[in-house]
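What follows is calculated from the coordinates using simple rules that are stated; it is not laboratory data. Because the structure is predicted, anything quoted here is derived from the model rather than measured. With ideal geometry, Cβ positions are generated from the backbone for all residues, glycine too; neighbour counts draw on all protein chains shown.
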Amino acid sequence: MGNDIELLSDIKKIVLEELGSLVSLENVISVCFYGFFGRMEGEREFNVLAVVENQKRKILNYVKVTEDLKISFLIAERTAFEMDVKRGSLGEFLSDIMLTSYHPVLNREYLEFMEIEVKKRVLKNILENLVIEHPEYCHELLIKPEYFIYEIASRKVRLFPFSKQSYIEFLEEVLERNMLSDVVKNYVRVLKELEKEKIVLSSNGFFKLTNDFIEKIKSTKNFPFEKIRRAFLNNILNVFPKTANWLGLEDSALTKYFELPENYLFIPTPIGPVPLSERVNIEEFLKKVISNVEVSEIKTKQIGGILNSVYLLQIKLNDKCEKRIIVKRFRDWVGLKWFPITLWTLGTKSFAVLGKTRLEKEYSINHYLRKHGFNVPKILYISPKEHLLFQEYIEGKPISETIKEIVSSRKAPEKEKLDLIEKVGKEIAKIHVLNVSLGDCKPENILVTKQKKIYFVDLEQSSRGGDKAWDLAEFLYYSGHYLPAILPSTNMAIITEVFIKGYLEAGGQKKAVRAVASPRYTKVFSIFTAPHVIFTISKICRKLGEN
C-alpha cells in the first residue's frame, strides 16, 4: 500500500511536469485522474483531465507514452468545461467525467463543486423524466439513491455504446472495492441540495418528489409530445445493446455489474415498499401474504372483465374464517373490443388504453383518495411488471340497483333511497374539490355497504384534474338508461335533482353541472338513453347550474 502511494505521488509529478510542457501551469485550474484508475504495477495507463484558462482550443488531446507508462491528457478550456457541466453544451463529453470516478491531483474543491453541479443537473433531468414516464406513480414513488447510479449508467451505455467499457470498469471498481456506499453518499449529498430547492424530500431512507415539483413539470411540459418522444427514444435505445458484439464486450460483463434502475424505485403497499421491477403472479402473492399453515382451501373465480381480467380469491382458513381478495390484471386495450368505446366517446372523452397506465391511475388515485378519508378498496399489493393489482373485496351493492328500483316504480321514491343518491352526489363533489375526476363514474362503480358507506371502485380512468362534467354526465345519463321505455321520466327527474343538490351543497361547481346539458355529453349517451330522458336530465342540470 505504501509503495502504491509512493508510485502515485511520482506519477502525479510526471503529470504536472508533462502538463507544464503543454500549457502554462499558472493557467491550470484543476487536474484529476478519471475513469478506471490505472494499475500500479506492470504496464500502467492513466487518463488525466486538466481544466485550464486562456486556451484558444476548447479541447486538446495529448498522449505521453514511456516504456511502462501511458498517460492520456484531456485538456479542456475552463469556460467550455463549465458550460458542459451546467448545460451539457458539449454533449456532456467533459461533464460525464464527474459522474464516474475521478481522483483529484490539483484543486479538489473546484472538482467537487463541479461534480455537485453536474449531478444536480442530471438528477433534475432524471426526476423530470420520472414525472413524464410515471405521471401517476410519481406522487407516491420512493427513490433510493442507488437508482441514479444505475439509471445514469444505463442511459449512457444505451445511448453511447462505446462508453460501455468505461461504465463496466467504473461499476467493477466500485463494487469489487466495496465503494458503493461512498458513491451513494455523494448522491445523497446532491439530493440534499435538491431538497433545499424543494424538488425532493427525504422519507425514511428514501427520497420523494415534492408536489410542487411534479405540478411544475406537468404544467410546463407538453405531456403528449414528451411521452411520445420518450417512447421513441426508448425504442431506439433498445437497439443499441445488440452492438455489444462489435465492441468486443460480452453480455455477461453487463449483467454482472449492471442492475435494473427500477430495482431502486418503490411504491408503498401495506406489506412494504414494492420495486417497479416486481414481477409477482397470484401464486407468489399468496405465498407472501398467507401462511400455508393457516390455509385450508383457496378458490380462484373469474368475476368479470371484458377489457380486464378480474378474479376473486376466496381463501378459507383453518379457523373457518374466509378472506376475499380482488385481483385485477390490466391488459392493453387493443383490437375490436376497444374500438366501439373509441367511437362512442370520440371528441368527448379520451380513455387510457395501456394496461400500465391504467394500473398507475388506479393505484395512485386510490392511494390519494384513501389518504384523504374516502372509502376505496384497500390496496394489498401490486405487481407492476405483471400489471396485477391486489385489493380487498368490498361487500356491498352497486348504487345502480337502488336507481333501478326507483326508476322502475310508478310510486314516489322512498326517502332512504333518495338520501343515498344525495350522499353519492356529495361524495363525488368532495372528490372534485380535491381536483380529482373519477373518469368512469357509472353507477355500477359506486358501492353501498350495509353500513350505508359509499365506496368508489374501478378507478383506472381517474386522474388529477380531468373532466369533472364527464363524471356527472356519465352518472346521470347512464342512470337514465335503466328507465323502462313504458314509464315516464318523473322519478329520473327526482334522482337528478337530489343528486345535483347533494353535489352543489358539498362544494361542486355549477359550471360542471351546466356543462352536463351541452351537446358534447348528450350526444355520447343518446346511443342507449331515450331522448326524453336526456332532455329531462339536461333541462334540470341547466336550471340548477345557473348562477
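How would you order 495-501, 274-280, 460-466 from highest to lowest mean count of nearby Cβ atoms within 10 Å? List each step's numbers first, then the result.
On the way: 495-501: 23.6, 274-280: 17.1, 460-466: 19.6.
Packing order, densest peptide first, comes out as 495-501, 460-466, 274-280.
Remark: for residue pairs 287/468; 144/198; 361/442; 86/371; 156/218, the C-alpha separation exceeds 29 Å in 287/468; 86/371. Orientation-averaged projection of the range 29-141 equals 8.9 nm² [convex hull of Cα atoms, one quarter of hull surface area].
The range 388-545: D in µm²/s via Stokes-Einstein (Kirkwood Rh, Cα pairs, 20 °C, 1.002 mPa s)?
On the way: Rh = 15.6 Å.
In µm²/s, the coefficient is 138.
Averaging the Cα positions of each part gives two centres, and for the range 391-412 and the range 84-117 these lie 65 Å apart.
To the nearest 20 Debye, how big is the dipole of the range 2-106 about its Cα centre, given +1 on the beta carbon of each Lys and Arg and -1 on that of each Asp and Glu? Each step should come with its number before you reach the end.
Working: 12 positive and 17 negative charges, 94 e Å.
Charge dipole of the range 2-106: 460 debye, to the nearest 20.
Other residues whose C-beta falls under 12 angstrom from the C-beta of residue 201 contribute a net charge of +1, scoring Lys and Arg +1 and Asp and Glu -1. Students often forget the sequence filter, so: which lysines lie under 16 Å Cα-Cα from residue 64 once same-chain residues fewer than 8 apart are removed? The reachable lysines, counting only those whose Cα sits under 16 Å from residue 64, are 12, 13.
Within the set of other residues whose C-beta is less than 15 Å from the C-beta of residue 312, count the net charge using Lys and Arg as +1 and Asp and Glu as -1. Neighbour charge sum, excluding residue 312 itself: +2.
With the alpha-carbon atoms as the only input, what is the per residue convex hull volume for the range 506-547 in Å³?
Values: hull volume 2.9 nm³, N = 42.
Residue-normalised Cα hull volume stands at 69 Å³.
Given +1 at the Cβ of Lys and Arg, -1 at the Cβ of Asp and Glu and no other charges, the dipole of the range 397-544 around its Cα centre is 460 debye to the nearest 20. Rounded to the nearest 20 debye, the dipole size of the range 394-443 about its Cα centre is 180 debye, using +1 on the Cβ of Lys and Arg and -1 on the Cβ of Asp and Glu.
The spacing between the range 451-487 and the range 199-220, judged by their C-alpha centroids, is 32 Å. Spread over its residues, the convex hull of the C-alpha atoms of the range 378-451 is 127 Å³ per residue.
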